Amino acid sequence: MADRGNGRNRPSNGSTGNHDRTGVFRRPSGGGGPDEIERLYRPRRSEQRSARGPAGSGDVRRSRGSREPGGARRGGGDGRRHHGGSGRGGGERGGSGRVYDGTGRSRREREQRARRRRTILITILVVVVVLPALFYFWADSRLVRVEALQDYEGRPAEQPGTTYMVVGSDSREGLSDEDVQELRTGRAEGKRTDTIMVLYVPDRGRPTIISVPRDSYVTIPGIGDNKINAAFSTALGGGPSTLVRTFEQESGVRIDHYVEIGFAGFVDIVDAVGGVEMCPKEDMKDPKAGLDITAGCQTMDGATALGYVRTRASARADLDRIERQREFFSKLVDKATSPGTLFNPFRSVPLVTHGTSTFEVDEGDHLTDLGWMAMAMGDDPATTSIPVGSTPTLHVGSVVVWDEAASGEMFTAMKEGREIPESALRD
């Protein structure tokens, strides 16, 4: 019985001249024309000529209507390749597909848009983060630092709440001869203080600005019994650390931050914020302080403001001056922290520039501490002075003796981090 095959006679080696077992067409062994695969897939010469475009351009594109094997059209008829969409064999595509025009223009446009977005993001980052950070570190480095808060045996331990000692010195540093003459400051050597204040911020409750009378009679380490401003006098061997230690020992209240400003710095800051409006109730004239103003509301520039907070030409002398200093300082901070100043570069930049170069702070203090202090002083603080019991005249002159009971009530509240009670507040 003959072997059952596929109906065709084949040589025993299983191949013919034109194909083998796999069905792949081969060129005839004797040479000849193209085989069946080449005939099916090679474009016609007429199609190649129509797809070339202008001579010498080298841009070969398939002509409209070129077909894939089996008669399917290739491309959409406009010489561009489409990706995505529907249709069989690359025929008509949906409108949402990506179009390749062969020039790379779409890719370049996408890259340009991405670069623009990156540039915008980097610019925003620099403006919002980098520049303010650099400005902060630059301004912080301009602060003059002194060793004001020193540890010593018997110093009060850490306490709730926060305290800032603010000292206005009569330092003439930074004043020219013309400034000295205009401001009537004289040319005294060294530093003294007429303004000592403590800003107390409790853990809860209203902050308080406390004036310390400069004639307060206290015991000063290394100097003896004297007025408290003698603790700051460099001529007597005092200074910032001696003043802080004296107050801490007399009150039992620990000071956390120290800020000092001289005549020149005070004038520059007032001018930087555009002056401060004050409303004195009576005319004031003091040639020694360079002050000559009338009653009523008026905007005081730096020179006028300095005379206003320095003068003692009033009925209660130093006590009136303390009250004016607290009032002026509060309004100055309000003006410095107002949106009209903070968001006005012509005001805020000079304020920071002049302020940081004239402030003296403790070695551990930074610009952020000044910021927190300003915010606390702008939070409608109460104002008071240390309660006064008597004003006797002793070997050092007329002095102020603190009211033991009322001042003790004030200091106890501060040591416990509580709001100072109304009964301990004084005008």
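The values are calculated or read from the model by the stated rules, or taken from the named source; none is laboratory data. A quick note: this is a predicted structure, and the numbers were derived from the prediction, not measured. All Cβ positions, glycine included, derive from the backbone under ideal geometry; neighbour counts span all protein chains shown.
Computed values, structure above
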quantity: Residue count, the stretch 233-290 (criterion: modelled with pLDDT under 90 and aromatic (Phe, Trp, Tyr)); calculated: 2
quantity: Residues of the stretch 122-149 that turn out to be under 12 Å from the mean Cα position of the chain (by Cα) and either under 15 Å from His354 (Cα atoms) or among the polar types (S, T, N, Q) (or both), as a count; calculated: 5
quantity: Among (1) over 22 Å from Arg321 (Cα atoms); (2) touching a residue at least 60 places away in the same chain (Cβ under 8 Å); (3) out of contact with any His (no Cβ under 9 Å at 6 or more places or on another chain) - the single one Asp225 does not satisfy; calculated: (3)
quantity: The one condition in (1) at pLDDT 90 or above; (2) in contact with a helix residue (DSSP H, G or I) (Cβ under 9 Å, 6 or more places away or on another chain); (3) within 26 Å of Ala374 (Cα to Cα); (4) assigned to a loop (DSSP other than H, G, I, E, B) that Asn229 fails to fulfil; calculated: (4)
quantity: Residue identified as of a type in the set (Val, Ile, Thr), part of a loop (DSSP other than H, G, I, E, B) and touching a Ser or Thr at 6+ places or on another chain (Cβ under 8 Å) among Ile255, Ile209; calculated: Ile255
quantity: Count of the stretch 321-380 residues which are under 14 Å from Val259 (Cα atoms) and of a type in the set (Ser, Thr, Tyr); calculated: 4
quantity: The stretch 109-155, residues that are over 22 Å from Leu367 (Cα atoms) and touching a residue at least 24 places away in the same chain (Cβ under 8 Å); calculated: Tyr152, Gly154, Arg155
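Residue by residue, here is whether (1) of a type in the set (Val, Ile, Thr); (2) buried (at least 17 other Cβ atoms within 10 Å of the Cβ); (3) closer than 22 Å to Cys279 by Cβ holds:
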| residue | (1), (2), (3) |
| --- | --- |
| Phe328 | no, yes, yes |
| Ser338 | no, no, yes |
| Asn344 | no, no, no |
| Ser348 | no, no, no |
| Leu351 | no, yes, no |
| Glu360 | no, yes, no |
